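The values are calculated or read from the model by the stated rules, or taken from the named source; none is laboratory data. From a predicted model like this one, the values you see are computed outputs, not experimental measurements. Note: ideal-geometry Cβ built from the backbone for every residue, glycine included; neighbour counts use all protein chains shown.
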Amino acid sequence: IPKVAFTASMTSTVNSHRGPFSSETNLIFDKVLTNIGDAYSGTTGIFTAPVNGVYYFRYSGNAFTSHDMGLSIFKGSSRFVSSYEYNSGEQNDNASNGAVMQLEAGEQVHMRLWIRSWVFVDYRYNYSTFTGFLILQRKCR
């Protein structure tokens, strides 16, 4: 079985945020912490399946009290799983989700930030992350 696994966060020199944007926006986790098999691009934020298989993806997002945070994992152009954190008035808000996906070689997975929401980007703790790995390889249909 090929070895495929990645974890990425977002680069910032100061505590900052991505968003809000007027349309849903692809999130680029450009601070690549692990990229075994080089299937994740820190330039585009896109994971491209190197082999047919079953993969697991997860993300975590951190936001502060004054903004909503909506995040989704997309398989190609289709929303797969999401999470939403309303600006609750608490100091720190966190949201996460994960999914098992069957992918054909070449299919792509990426993250999007919802319209008018934001995600916190810290300069050293990597609160907001995107992770994926191959669970098992399978033959073509």
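Candidates in the stretch 53-82 are the residues that are surrounded by fewer than 18 Cβ atoms within 10 Å (Cβ to Cβ), among the polar types (S, T, N, Q) and part of a strand (DSSP E or B); of these, the one that is nearest to the chain's Cα centre (by Cα) is S82. When the stretch 23-73 is filtered for residues that are more than 19 Å from S9 (Cβ to Cβ) and at pLDDT 95 or above, the ones remaining, listed by number, are T48, A49, P50, V51, N52, G53, V54, Y55.
Taking Y40 as the residue in question, decide whether it is buried (at least 16 other Cβ atoms within 10 Å of the Cβ), touching a Leu at 6+ places or on another chain (Cβ under 7 Å), within 13 Å of H110 (Cα to Cα) and aromatic (F, W, Y). No, not satisfied.
In the stretch 2-37, the qualifying residues are those that are more than 18 Å from R112 (Cα to Cα) and touching a Gly at 6+ places or on another chain (Cβ under 8 Å), and the one that is surrounded by the fewest Cβ atoms within 10 Å (Cβ to Cβ) is K3.
A quick yes/no check of all residues on (1) surrounded by fewer than 19 Cβ atoms within 10 Å (Cβ to Cβ); (2) in contact (Cβ under 8 Å) with a residue 12 or more places away in the chain; (3) touching a strand residue (DSSP E or B) at 6+ places or on another chain (Cβ under 6 Å); (4) in a strand (DSSP E or B):
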position	(1), (2), (3), (4)
N87	yes, yes, no, no
D93	no, yes, yes, yes
N97	yes, yes, yes, yes
G106	yes, yes, no, no
M111	no, yes, yes, yes
R116	yes, yes, no, no
F120	no, yes, yes, yes
R124	yes, no, no, no
I135	yes, yes, yes, yes
